[in-house]
């Protein structure tokens with residue numbers, strides 16, 4: 001799994017149902033509250049979704065040592081969870097504070113979403129964005145300023161999209177965006193419901209791809225969202241239909257194919273993981 005996909009464009013979208021168990025419909029107007037949150041769209045995430053099939057690092061069942069963590073104020077305590085100083089977006093209640101979600105055990109090792117800090121993480125994320133396999137979908141190749149211009153609206157925004165490093169067994173190896181799909185331009189292209197939460201993902205290193213870790217981490221992140229966002233009934237994603245490994249990874253992680261959607265820059269597979277089906281996955 002090399003990358004997630006390219007920008008979905010800007011705009012406003014349809015308003016979701018208020019009953020999570022209701023049937024999907026496209027004919028609902030936006031409320032004044034959601035219109036206000038949309039604003040001019042500058043706070044929304046600029047990319048659409050998901051990875052090609054990545055690969056794991058060595059399995060681990062205990063938190064990694066501090067020396068293995070990213071530089072700066074992210075660290076691991078051998079007797080407790082990792083710590084990070086959150087940015088403004090990561091502390092927002094719009095996504096129930098991803099900075100506080102903490103590490104989880106997975107079959108691939110201990111995993112944690114660590115909110116991005118530009119001064120610490122820009123060089124690494126920009127290097128990943130310049131990998132041809134990633135650039136084909138994210139379209140953010142170039143100087144570090146290109147990646148910085150993508151990150152800043154999220155970091156300085158109201159918290160509807162939070163960029164994170166995925167740290168697996170002590171090593172930063174993936175980039176994630178956790179976002180409010182119902183407040184994103186994506187909402188104009190599907191029957192969004194309140195608190196729908198979207199994920200975008202790219203796997204950074206070539207050595208971490210093609211071994212199935214993408215499926216493991218997608219399942220872990222979807223579980224993190226559902227565990228920490230009690231009002232969220234669905235986790236959604238929109239990989240490019242051409243990105244077959246990505247679509248396959250989502251299906252293997254318990255997402256279902258919902259529909260093909262025509263986005264401004266691609267034709268996407270809308271993938272949905274439902275809270276009500278979680279016990280059966």
What FRET efficiency, computed as 1/(1 + (r/R0)^6) with R0 = 41 Å and r the Cβ-Cβ distance, is obtained for residue 278 and residue 206, rounded to the nearest 0.05? 0.80
Shape call, the range 77-178: gyration tensor on alpha carbons, a/c limit 1.5: oblate
Label the range 122-225 by shape, choosing from rounded, prolate and oblate, from the square roots a ≥ b ≥ c of the eigenvalues of the Cα gyration tensor; if a/c is under 1.5 it is rounded, and otherwise prolate applies when a/b is larger than b/c, oblate when it is not. oblate
Fewest first, what order do 155, 241 take by the number of other Cβ atoms within 10 Å? 241, 155
Length gain on complete extension for the stretch residue 257 to residue 88, per 0.36 nm per residue less the alpha carbon to alpha carbon distance? 57.5 nm
Please compute the length gained on full extension between residue 105 and residue 119, using 0.36 nm multiplied by the number of residues separating them and subtracting their Cα-Cα distance. 2.2 nm
Take the alpha carbon gyration tensor of the range 201-277, find the square roots of its eigenvalues, order them as a ≥ b ≥ c, and report rounded if a/c is under 1.5; if not, report prolate when a/b exceeds b/c, else oblate. oblate
For 111, 257, order by how many other beta-carbon atoms lie within 10 Å, fewest first: 257, 111
Residue order, fewest to most surrounding Cβ atoms within 10 angstrom, among 219, 88, 180: 88, 219, 180
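Just so you know, all these numbers are worked out from the coordinates, no wet-lab data involved. A quick note: this is a predicted structure, and the numbers were derived from the prediction, not measured. All Cβ positions, glycine included, derive from the backbone under ideal geometry; neighbour counts span all protein chains shown.
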